[in-house]
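Enquirer: My structure is below; once you've seen it, I'll send some questions.
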Amino acid sequence: MSKSDEFSRAREEHRQLGEEIAAHDRAYYQNDAPVVSDAEYDSLRRRYEALEAQFPELAGEDSLSKKVGAAPAEKFAKITHAVPMLSLGNIFSDDELEDFVARVKRFLGLSAEAEVAFTAEPKIDGLSCSLRYENGLLVSAATRGDGLVGEDVTANVRTIADIPHRLAGATPQILDVRGEVYMGHADFAALNARQAAAEKPLFANPRNAAAGSLRQLDAKVTASRPLRFFAYAWGATEPRPPADTQLGVVEAFGAYGFTVNPLTVLCRSAAAMLAHFRDIEGRRASLGYDIDGVVYKVNELALQQRLGFVSRAPRWAVAHKFPAEKATSVLRGIEIQVGRTGVLTPVARLDPVTVGGVVVSNATLHNEDEIARKDIRIGDTVIVQRAGDVIPQILGVVAEKRPADAKPYTMPDVCPACGSAALREIDPKTGEADVARRCTGALVCPAQAVEKLRHFCSRNAFDIEGLGDKQIAFFFERGLIKTPADIFTLQERDSKSLTRIENFDGFGKVSTRKLFDAIEAQREIVLNRFIFALGIRHVGETNAIRLARSFETFEALREVARQAAPDSEARKRINDIDGIGEVVAEAVADFFTEPHNEQALDALLAEVRIVPMEAVKSDSPVAGKTVVFTGALQKMTRDEAKAMAERLGAKVSSSISKKTDLLVAGADAGSKLAKARELGVETIDEDGWLKLVGAEQA
Ligand code: IVH
């Protein structure tokens, strides 16, 4: 390529980059809504500057490298900074830090061994502001704007508690104090909670919240937002600052009444700076406010003076940024993960991207409503965020980068792990679908198997001793127990197997024998326990009893539930059972109509014998009575107590009324006890109840 071709290509790239960077600046500074990660922005900026370094002709008057930030938004009055507000150069690595220190020394004509002191302090992730004090009184305040002209935010700044209206002690006649307006994590969370309650849009992060709060035309709004301020630099001062070091001036700011960052230290070598950087990085999560790096500044003001500036940044300071915790990447596909409770979670498959120093290629999309709300499509460039050890998530889409063939996503309505129907529950009160889509294949889904088997063997279900969480996971991983029926065929299969269980690590002849005996002992099971053991959503012990009592046999329940389509007679039959509502009826229908469960159920029924529940004793002292339990019960759980009462023919209610026949009050019973007394309802304690129903309790 000829020299002139090369130049015209570079000029075109420089022009395009300039437009792109300017658009990002507007999004960031004026709309408080950045669309690319800092890392991506920085790389655009670096490329832009590299082109100018190669072809200095490109760095003309309108070059972005001559500007800081963006022109002020129109809605505010403008303030021209007496001394321009500059930006900082960025570095990202240990090597770049060494280079920075070496460059400073070289510029000052010092040897590499000479000692230069630097301050090191957190880089606050907020927005910078210049506060003008005349004779100790705050007269005006401006945002950075484009570095030369900012926005007049005086009225708003006056509402910030950290910013004194009058300085303490003797101060320069004219003093521009500069620093960062920011919002703490707790305040940010509370603000977003208030926004959500008022159905207003949420802020993406504390910096945007701080910027949005400061740049309010109505200072009353700013006043209601908990903004804070750290002082760390200055502009015009008359006379000069009352100290000859960076640290000294900032300490004077503290004495005037400003908050200065307590994590500021003096370092005398690149190694010490690096150590401080690591220290701050380690504390980052616990500071209570966002920081995005560490700023180093030459401490001696005389040296700062000599070093001066290059285009938009001082030579005597630099920002050492933490690895970006947000980045952009392309969404290549969405896969579904089935959790152990059967919830389907969409997971983004991304082009690998480094986020916060870690390579990320998967991120959670939470649920289908989130995907729709953020309008995320396959092929989109998305913003990925990683916070601490939390699973990376997708914040949103870079709309400008959407390709024409980006594909909207539809959640599958079958479980990818087992092929059973995957449904969203409808809240009968609101008519709204639950955010989670769940697999209904409780008996067959491998993703849920361990969890369901654990439930199946638990104390109030099949109660199989020796089949605890560990053993179930062990047998499942070896493929020996996949569905409940496998538990009951384990012994027979084992007897024909070449690798006997008794030879496995952690088993042995005796414990294997015990396990098989425990399984054999539980082949016979009462109907309500059997129903409970199936792990049907919303069917706990109490509902299992209700179903068992109402249907009397498992065949009867199964027959009806299989036909229980919405609005059918069969659905109504289940729904009409006292204590069972639409949500439970729907869950029962979903379970029994899922064909994948059929086979597993048949296999299980071939292994076990279900016996009917004890007939309800109509001669029990509480038969036909309405009983309420309240307070803390000591000898049984609330569910057990309810089940017992229902077995004895009582109706259990949760509230006291004139129709209540009996209140059973446990420890610390409160308002229900008072109401029962008021209504003259008979009241007994837990022991009284056990005596009444004649239960023998351990
Ligand atoms: S000193 C001439 N110190 O970072 C030096 N800036 O990327 C002026 N910032 O515009 C800046 N914390 O908004 C300095 N401790 C700190 C800072 C800090 C945050 C911001 C400030 C500045 C930007 C440059």
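The values are calculated or read from the model by the stated rules, or taken from the named source; none is laboratory data. All figures in this text were calculated on a predicted structure; none of them were measured in a lab. Positions of Cβ are generated from backbone atoms using ideal geometry, with glycine treated the same way; all protein chains shown enter the neighbour counts. To get the accessible areas, we keep the full protein, side chains included, count just its heavy atoms, and leave off ligands, DNA and RNA. Shrake-Rupley method; radii C 1.70, N 1.55, O 1.52, S 1.80 Å.
Enquirer: Give the Cα extents of the range 519-561 along the principal axes, in whole Å, largest first.
Expert: Result for the range 519-561: principal-axis Cα extents of 30, 20, 14 Å.
Enquirer: How compact and how long is the range 237-295, expressed as Rg and Dmax of its alpha-carbon atoms in Å?
Expert: Expressed in Å, the Cα Rg and Dmax of the range 237-295 come to 13.8, 40.
Enquirer: While we're here: Placing +1 on the Cβ of each Lys and Arg and -1 on the Cβ of each Asp and Glu in the chain, which of V652, G506, I383 has its Cα farthest towards the positive end of the resulting dipole?
Expert: Toward the positive end, the furthest listed residue is V652.
Enquirer: If you build the Cα gyration tensor of the range 105-149 and take the root of 5 times each eigenvalue, what three semi-axes come out, in whole angstrom, biggest first? Kindly include the intermediate steps, with their values, before the conclusion.
Expert: On the way: eigenvalues 231, 44, 33 Å².
Semi-axes from the Cα gyration tensor: 34, 15, 13 Å.
Enquirer: In the range 498-604, which trypsin sites (Lys or Arg not before Pro) are in a loop and have at most 16 other Cβ atoms within 10 Å, using DSSP for the loop call?
Expert: R500, R523
Enquirer: Which of K374/K407; K78/K401; K625/K675; K3/K105; K200/K220 have a Cα-Cα distance over 25 Å?
Expert: K78/K401; K3/K105
Enquirer: Do any trypsin sites (Lys or Arg not before Pro) in the range 219-309 lie in a loop, going by DSSP, with at most 16 other beta-carbon atoms within 10 Å of their beta carbon, and if so which?
Expert: Loop-located and lightly packed - R268.
Enquirer: Also: How large is the translational diffusion coefficient of the range 473-526 in µm² per second when you combine the Kirkwood radius over alpha carbon pairs with Stokes-Einstein at 10 °C and 1.306 mPa s?
Expert: Estimated diffusion coefficient is 135 µm²/s.
Enquirer: Can you send over the carbon and sulfur percentage of the accessible area for the chain, probe radius 1.4 Å, protein chains only?
Expert: Carbon and sulfur atoms account for 50 percent of the accessible area of the chain.
Enquirer: To continue, here is another question. Run the dipole for the range 278-335 about the Cα centre, Lys and Arg Cβ at +1, Asp and Glu Cβ at -1, nothing else charged, and hand back the magnitude in debye, nearest 20. Let's see the in-between values first.
Expert: Numbers: 10 positive and 7 negative charges, 54 e Å.
The calculated dipole for the range 278-335 is roughly 260 debye.
Enquirer: Past the 16 angstrom mark, what percentage of all C-alpha to C-alpha distances in the range 210-261 do you count?
Expert: Working: 705 of 1326 pairs.
Here the tail beyond 16 Å accounts for 53 percent of pairs.
Enquirer: Rounded to the nearest 500, what is the 222 nm mean residue ellipticity of the chain from helices alone, with -39500 (n - 2.57) per DSSP H run of 4+ residues and division by all residues?
Expert: Result for the chain: -11000 deg cm²/dmol, rounded to the nearest 500.
Enquirer: Give the long-range amide H neighbours of F322: residues separated by 5 or more places, or on another chain, with amide H under 5 Å away, using H modelled in the peptide plane at 1.01 Å from N.
Expert: Under 5 Å from the amide H of F322 lie the amide H atoms of G293, V294, each far enough along the sequence or on another chain.
Enquirer: Could you work out how far helix 638-647 tilts from the main Cα principal axis of the chain, as a 0 to 90 degree angle to the nearest 10?
Expert: On a 0 to 90 degree scale, this one is about 20.
Enquirer: Out of Q54, V693, N362, whose Cα points farthest toward the positive end of the dipole of the chain (charges: +1 Lys, Arg; -1 Asp, Glu; placed on Cβ)?
Expert: Of the candidates, V693 comes out farthest on the positive side.
Enquirer: Do any cysteines of the chain lack a neighbour Cys whose Cβ is under 4.7 Å away, and which are they?
Expert: Taking the Cβ cut-off of 4.7 Å, the unpaired cysteines of the chain are C129, C267, C457.
Enquirer: Kindly write out, for the range 561-574 in residue order, the coupling ³J(HN,Hα) from the Karplus curve 6.51 cos²θ - 1.76 cosθ + 1.60 (θ = phi - 60°), rounded to whole Hz, with x marking Gly and Pro.
Expert: In residue order, the calculated couplings are 5, 5, 9, 7, 5, x, 6, 7, 4, 4, 4, 5, 4, 6 Hz.
Enquirer: Turning to a different aspect of this structure: Would you mind getting the Kirkwood hydrodynamic radius of the range 417-502 from its Cα pairs, rounded to one decimal in Å?
Expert: The answer is 14.8 Å.
Enquirer: Stokes-Einstein at 20 °C, 1.002 mPa s, Kirkwood radius from Cα pairs: D for the range 489-610 in µm² s⁻¹?
Expert: D, rounded to a whole number, is 132 µm²/s.
Enquirer: Under a Cβ-only charge scheme (Lys and Arg +1, Asp and Glu -1), can you give me the dipole magnitude of the chain about the Cα centre, in debye to the nearest 20?
Expert: For the chain, the charge dipole is close to 720 debye.
Enquirer: Quick one: Kirkwood hydrodynamic radius for the range 358-435, alpha-carbon pairs, angstrom, one decimal?
Expert: 14.6
Enquirer: Moving on to the next point. Tell me the Rg and the Dmax, in Å, that the Cα atoms of the range 139-210 produce.
Expert: Rg, Dmax (Cα atoms, Å): 15.4, 48.
Enquirer: Would you please classify the overall shape of the range 163-278 from the alpha carbon gyration tensor, given that a ≥ b ≥ c denote the square roots of the eigenvalues, rounded means a/c under 1.5, and beyond that prolate means a/b larger than b/c while oblate covers the rest?
Expert: oblate
Enquirer: Determine the dipole magnitude for the range 516-610: charges of +1 sit on the beta-carbon of Lys and Arg, -1 on that of Asp and Glu, nothing else is charged, the reference point is the Cα centre, and the result goes in debye to the nearest 20.
Expert: Once rounded to the nearest 20, the dipole reads 160 debye.
Enquirer: What ³J(HN,Hα) values, in whole Hz, does the Karplus curve 6.51 cos²θ - 1.76 cosθ + 1.60 give for the range 344-351 when θ = phi - 60°, with x put for Gly and Pro?
Expert: 8, 10, x, 10, 7, 9, 10, 4
Enquirer: Quick one: Cα convex hull volume of the chain, Å³ per residue?
Expert: Expressed per residue, the convex hull around the Cα atoms of the chain is 263 Å³.
Enquirer: Further question on the same structure: Counting only heavy atoms of protein chains, what accessible area per residue, in Å², does the chain have with a probe of 1.4 Å?
Expert: 49
Enquirer: Still on this structure: Where Rh denotes the Kirkwood radius from the mean inverse Cα pair distance, what is Rg over Rh for the range 626-682?
Expert: Here the Rg-to-Rh quotient is 0.95.
Enquirer: Shifting gears a bit: Give me the number: length gained by fully extending R166 to D494, i.e. 0.36 nm times residue separation minus the C-alpha to C-alpha distance, one decimal in nm. List each step's numbers first, then the result.
Expert: Values: separation 328, 0.36 × 328 = 118.08 nm, distance 8.53 nm.
Value of the extension gain: 109.5 nm.
Enquirer: Using the Cα centre of the chain as origin and beta-carbon charges of +1 (Lys, Arg) and -1 (Asp, Glu), tell me which of L662, Q563, N597 is placed farthest towards the positive end of the dipole.
Expert: Going by the charge dipole, the pick is L662.
Enquirer: Right, here's the next one. So if we plug the beta-carbon distance of D375 and D687 into 1/(1 + (r/R0)^6) with R0 = 56 Å, what FRET efficiency do we get, rounded to 0.05?
Expert: 0.35
Enquirer: Please list, in order along the range 381-386, the HN-Hα scalar couplings obtained from phi with the Karplus expression 6.51 cos²θ - 1.76 cosθ + 1.60 (θ = phi - 60°), rounded to whole Hz, x for Gly and Pro.
Expert: Along the range 381-386, the couplings run 8, 10, 9, 9, 10, 10 Hz.
Enquirer: Which whole number in µm²/s is D for the range 301-399 by Stokes-Einstein, with the Kirkwood Rh taken over Cα pairs at 4 °C and 1.567 mPa s?
Expert: Value of D from the Cα-based Kirkwood radius: 83 µm²/s.
Enquirer: When all C-alpha to C-alpha distances in the range 238-389 are sorted into bins of 5 Å, what percent of pairs does each bin hold, rounded to whole numbers?
Expert: In whole percents, the pair-distance histogram is 2, 7, 12, 13, 13, 12, 9, 8, 7, 7, 5, 3, 1, 0, 0.
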